[in-house]
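Below: one structure, written as structure tokens.
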Amino acid sequence: MPSVRTVTGDVEASTLGITDSHDHVMIRNGLILIREPDFRLDNVEKSMQELRDFRSFGGRTMVDAAPIGVGRDPDSLRLISVETGVQIIAATGFHKTVYYLDSHWRFHYSVEEIGKLFIDEILLGMDQNGYDGPLVKRSLAKAGVIKIASDYQVIDRATCVAIEAAAIAHRATGAPILTHTEMGTMGLEQLRLLEAHGVPPESVILSHMDRNPDLFLHSEIARTGAFLEYDGPGRVKYYPESTLIGLIRGMFEAGVGGQILLGGDVARRSYWKSYGGGPGLAYCLEHFLPRLRREGLSAAEIDQIMIDNPARAFSFRRTAS
């Protein structure tokens, strides 16, 4: 039976239930908050409030996509999961290079050294301090996904190193790889690089692809077996929700609805109801899924996006080791 690694332990993939496939539960510190203070999500009680709201609309599992060095807080994720009953899948790996100082170890360690650090976070537990040292403080929470990220229309050298290190960790552990695509670009290129390093497309989730709602491109990627994560609901500054609904409908008509995931990526204080903003972590379940039903998607198609596809996407693959 396929398994998924959450911060409270491994679970059978069939128990994930309704899953938000890309979001953020805690962001405590780091250069990312200097560049964008609105990303600060550091109040445990407010995080619990948002997740309880998510659960009240049927949510069962949430993927926290904050990797090493961008304010991740493994111990708090574990506490929040226990207190709210929402399963949380946490990330090792890296975000975009712009969120790290030039002195950060990611730019100076070998690809093999970085890969080993990722592996240890998956098998032994995430470092509470993001390997910023000098001591390693292993959390009881283990990473269940490996994050990599590229920038708009480019994959730079440091990102190539991160991709190879992620592939090393995948081959050793079977953990899935979750990527950040900037404005939906470089998804196919990420996939080809990962394949070149021995990662099958079925273990890759390309996030934010709906920022570039190109049905031809998406269906081409989906036919490789990779997953495409969409997170536009509630953020009409990017496009009206009708655009996303048309894209989802087109993917089902193209026969590749089995590769779609939905998330919120609600990573700002101004997006959280608990901080006085909106639309909140429960928006997709509370508002967007009912609209999908009214727009003609069947209950089976919605369950496929929210339950069946995540169970496949976030499962660990068997490895030779």
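The values are calculated or read from the model by the stated rules, or taken from the named source; none is laboratory data. None of the values given here were measured: they were computed from a predicted structure. A quick note on method: Cβ atoms are made from the backbone with ideal geometry, for glycine too, and the neighbour counts reach across all protein chains shown.
Would it be correct to say that R55 is out of contact with any Asp or Glu (no Cβ under 9 Å at 6 or more places or on another chain) and either touching a residue at least 24 places away in the same chain (Cβ under 8 Å) or not hydroxyl-bearing (S, T, Y) (or both)? Against the criterion (out of contact with any Asp or Glu (no Cβ under 9 Å at 6 or more places or on another chain) and either touching a residue at least 24 places away in the same chain (Cβ under 8 Å) or not hydroxyl-bearing (S, T, Y) (or both)), R55 qualifies. For the stretch 17-31, filtered to residues that are of a type outside the set (V, I, T) and not in a loop (DSSP other than H, G, I, E, B), the residue that is farthest from D53 (Cα to Cα) is L31. Scanning the stretch 119-134 for residues that are exposed (fewer than 14 other Cβ atoms within 10 Å of the Cβ) and either at pLDDT 95 or above or under 9 Å from P74 (Cβ atoms) (or both) yields a single hit, L124. State whether the residues of the stretch 60-68 include one that is modelled with pLDDT of 95 or more and over 14 Å from the mean Cα position of the chain (by Cα). For the stretch 60-68, residues modelled with pLDDT of 95 or more and over 14 Å from the mean Cα position of the chain (by Cα): present.
Restricting attention to the stretch 223-245, the residues that are in contact (Cβ under 8 Å) with a residue 40 or more places away in the chain and within 25 Å of E164 (Cβ to Cβ) add up to 3. Restricted to the stretch 5-16, and to residues there that are closer than 18 Å to E83 by Cβ and outside any strand (DSSP E or B), the residue that is nearest to the chain's Cα centre (by Cα) is V7. Filter the stretch 164-222 for residues that are in contact (Cβ under 8 Å) with a residue 60 or more places away in the chain and of a type in the set (S, T, Y) and give the result. Those that are in contact (Cβ under 8 Å) with a residue 60 or more places away in the chain and of a type in the set (S, T, Y): T173, S203, S207.
Whether a residue is over 17 Å from the mean Cα position of the chain (by Cα) and not β-branched (V, I, T) was assessed, and P134 passes this test.
Anything in the stretch 1-52 that is within 21 Å of G130 (Cα to Cα), crowded, with 19+ Cβ neighbours inside 10 Å and among the aliphatic types (A, V, I, L, M)? List them, or say none. Within the stretch 1-52, V7, V25, M26, I27, I32, L41 meet the criteria.
If only residues of the stretch 144-162 that are surrounded by 24 or more Cβ atoms within 10 Å (Cβ to Cβ) and closer than 14 Å to H95 by Cβ are counted, the one that is farthest from the chain's Cα centre (by Cα) is A162. How many residues are assigned to a loop (DSSP other than H, G, I, E, B) and crowded, with 22+ Cβ neighbours inside 10 Å if we restrict to the stretch 53-70? Total meeting the criteria: 6.
Yes/no matrix, rows are residues, columns are (1) touching a residue at least 24 places away in the same chain (Cβ under 8 Å); (2) of a type in the set (D, E):
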{"position": "L262", "(1), (2)": "yes, no"}
{"position": "D265", "(1), (2)": "yes, yes"}
{"position": "S270", "(1), (2)": "yes, no"}
{"position": "G276", "(1), (2)": "no, no"}
{"position": "F288", "(1), (2)": "yes, no"}
{"position": "R291", "(1), (2)": "yes, no"}
